[in-house]
Amino acid sequence: MRRKIKQKAFGFTFRLIRVGCLALAGLLAVLPLSAAAAQAKSIADARNEVVQETLKYLSIPYLWGGTHPGTGLDCSGFVQLVYSKAGLNLPRVAREQFAASLYLKPAAILPGDMIFFSMKRPGSSKVDHIGIYVGKGFFVHASVSNGIHIDSVSNPYYFQRIVSVRKYRGF
């Protein structure tokens, strides 16, 4: 007699096949995570940490050249701070952060990725602004008039100024 049974354990659903009194289950339940699975989990954890850290600084005032939340942050100082709090290293200025990151197709963007802008010259490829994508079409950045806050990627003002979507080299 052969019967399929679904069983939940540790948050996972396993399919058991009962043959007589013998139950066979996938070996995945007893084997340790593979190196690739462990790395994927740590990357997901790092991305989540970047997003959580990003949201902690909402409403901090803007300060050109600012690198400390007690006095104010500029866009690249904000991104560098967030990534460093998550244990990830980035250079100080937006152009260098651009060079230190990897290109992504816009459709492949994930929370924790970076969006680079040309605010002074829309349509140009000259990077002078950066924000962190937090999901569902929103990003967090340091604005001169609003400090650290959330904006929509689809806002025409920002959308037409996007130069590139990029990810941290370790992601």
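The values are calculated or read from the model by the stated rules, or taken from the named source; none is laboratory data. All of these numbers come straight from a predicted model, not from anything done at the bench. Here the Cβ is made from the backbone with ideal geometry for all residues, glycine too, and neighbour counts use every protein chain on show.
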Please work out if F10 is of a type in the set (F, W, Y), surrounded by fewer than 11 Cβ atoms within 10 Å (Cβ to Cβ) and at pLDDT below 95.
-> yes
Residue selected from region 134-154 under the condition in contact with a Gly (Cβ under 9 Å, 6 or more places away or on another chain) and part of a loop (DSSP other than H, G, I, E, B), by the criterion farthest from L90 (Cα to Cα) = S154
Identity of the residue in region 57-108, among the charged types (D, E, K, R), more than 16 Å from the chain's Cα centre (by Cα) and surrounded by fewer than 18 Cβ atoms within 10 Å (Cβ to Cβ), that ends up nearest to F171 (Cα to Cα) = E96
In region 135-155, is there at least one residue being acidic (D, E), touching a residue at least 24 places away in the same chain (Cβ under 8 Å) and within 21 Å of L55 (Cα to Cα)?
-> no
Of all residues in region 84-93, how many are over 15 Å from R47 (Cα atoms) and either touching an Asp or Glu at 6+ places or on another chain (Cβ under 6 Å) or among the β-branched types (V, I, T) (or both)?
-> 1
Within region 111-133, can you find the residues that are outside any loop (DSSP other than H, G, I, E, B) and either within 21 Å of T67 (Cβ to Cβ) or of a type in the set (D, E) (or both)?
-> M114, I115, F116, F117, H129, I130, G131, I132
Just wondering, is there one or more residues in region 155-168 that are in a strand (DSSP E or B) and among the basic types (K, R)?
-> yes
Subset of region 88-109, residues assigned to a strand (DSSP E or B) and either among the aliphatic types (A, V, I, L, M) or in contact with a Leu (Cβ under 6 Å, 6 or more places away or on another chain) (or both), comes to L102, L104
Checking G70, G20, G66, G87 in turn, the sole residue that is in the same structural domain as V140 (by TED's automatic domain parsing) and modelled with pLDDT under 95 turns out to be G87
Among the listed residues A100, A94, which satisfies the condition of being in contact with a His (Cβ under 7 Å, 6 or more places away or on another chain) and assigned by TED's automatic domain parsing to the domain that holds E53?
-> A94
